[in-house]
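Novice: Structure incoming, see below.
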């Protein structure tokens, strides 16, 4: 079977490419489906400063190129194609792409998760240039600046709290007149002198400009949902904190998913509800969502896949 592989990896962010590196070094010659937009969420990140080994920082796309080069060095094969469907009902497992069937003894899923965006003008244009969905990743770049956070749940409050350690002012915009966050989180926010709130309001546009050849955010348009009056809130950064959506539509009714769509894995492991199918990175992680934790679980999935394959021959 020319399209048969010991391991197929679906996804090409830090989790998928780390899994490719480890399975490649184990002489498993993995096939990686990178998708038509390879590299995961890091390809939308202008600079990564919190990944160990890059003391001067590194551009997100450049870091993924380094990951890929290292994996290919150990005989990982990559395809810049999307997976369109899977069949995990029998072994070998089947993966379909561009009307072509591929089979594998083990599959590592690393399709990641996507931030939910507002879809307002300026959001795409300034993404990575002042617009972000990850305070932990990007707060450092907003030292001494004013930022806006959209959201009203615990995640939004955690983002606002983290940003307040760096920004001079954090303005939280929420559609309602009260937060959805837990009481203890609300109390903490109200006591933080750096955090203020714009209630009953929604962001309708991200405002920015080109300054010395570089895009920068200068403010957001905010509209009150009750009075319908609009005003500009000056800011240098804009953070969306309305949740993430795991990229698991391919695996609905194929694997156990939690109520929000994340792949369920066994505690402390990457094994899923089907033997030989493993999940790594943000697709199974609603908590941390960091490049370094994704890479770590990519390593775990590769080791678990290698051990699983050994059991097939004993």
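The values are calculated or read from the model by the stated rules, or taken from the named source; none is laboratory data. Computed from a predicted structure; not experimentally measured. In this analysis, Cβ positions are derived from the backbone assuming ideal geometry, glycine residues included, and neighbour counts consider all displayed protein chains.
Novice: Name the residue that is farthest from the chain's Cα centre (by Cα), counting only residues in the range 48-57 that are surrounded by 15 or more Cβ atoms within 10 Å (Cβ to Cβ) and modelled with pLDDT of 90 or more.
Specialist: Among them, the one singled out is 54.
Novice: Would a scan of the range 99-111 turn up a residue that is under 20 Å from the mean Cα position of the chain (by Cα), assigned by TED's automatic domain parsing to the domain that holds residue 206 and part of a strand (DSSP E or B)?
Specialist: No; the residues of the range 99-111 include none that is under 20 Å from the mean Cα position of the chain (by Cα), assigned by TED's automatic domain parsing to the domain that holds residue 206 and part of a strand (DSSP E or B).
Novice: If I filter the range 114-137 down to residues being part of a strand (DSSP E or B) and modelled with pLDDT of 90 or more, which single residue comes out as surrounded by the most Cβ atoms within 10 Å (Cβ to Cβ)?
Specialist: Of everything passing the filter in the range 114-137, 132 is surrounded by the most Cβ atoms within 10 Å (Cβ to Cβ).
Novice: Still on this structure, I have one more. Could you tell me whether residue 234 is crowded, with 19+ Cβ neighbours inside 10 Å and either farther than 15 Å from residue 120 by Cα or assigned by TED's automatic domain parsing to the domain that holds residue 278 (or both)?
Specialist: For residue 234, the condition - crowded, with 19+ Cβ neighbours inside 10 Å and either farther than 15 Å from residue 120 by Cα or assigned by TED's automatic domain parsing to the domain that holds residue 278 (or both) - is not met.
Novice: Let me ask another. Please specify each residue of the range 138-159 satisfying the condition of being modelled with pLDDT under 95 and touching a helix residue (DSSP H, G or I) at 6+ places or on another chain (Cβ under 8 Å).
Specialist: Hits for the range 138-159 are 139, 151, 154, 157, 158, 159.
Novice: Let me ask you something else. Taking the residues in the range 19-42 that are surrounded by fewer than 18 Cβ atoms within 10 Å (Cβ to Cβ) and modelled with pLDDT under 95 as candidates, determine which candidate is farthest from residue 295 (Cα to Cα).
Specialist: 36
Novice: So, of the residues in the range 1-18 that are farther than 18 Å from residue 81 by Cα and touching a strand residue (DSSP E or B) at 6+ places or on another chain (Cβ under 7 Å), which turns out to be surrounded by the fewest Cβ atoms within 10 Å (Cβ to Cβ)?
Specialist: 1
Novice: If you don't mind, there's one more thing I want to ask. Test of understanding: among 167, 160, which residue is part of a helix (DSSP H, G or I), in contact (Cβ under 8 Å) with a residue 24 or more places away in the chain, crowded, with 17+ Cβ neighbours inside 10 Å and assigned by TED's automatic domain parsing to the domain that holds residue 142?
Specialist: 160
Novice: Name the single residue that is surrounded by the fewest Cβ atoms within 10 Å (Cβ to Cβ) among those in the range 286-307 being without any contact (Cβ under 8 Å) to a residue 40 or more places away in the chain and in a loop (DSSP other than H, G, I, E, B).
Specialist: My answer is 287.
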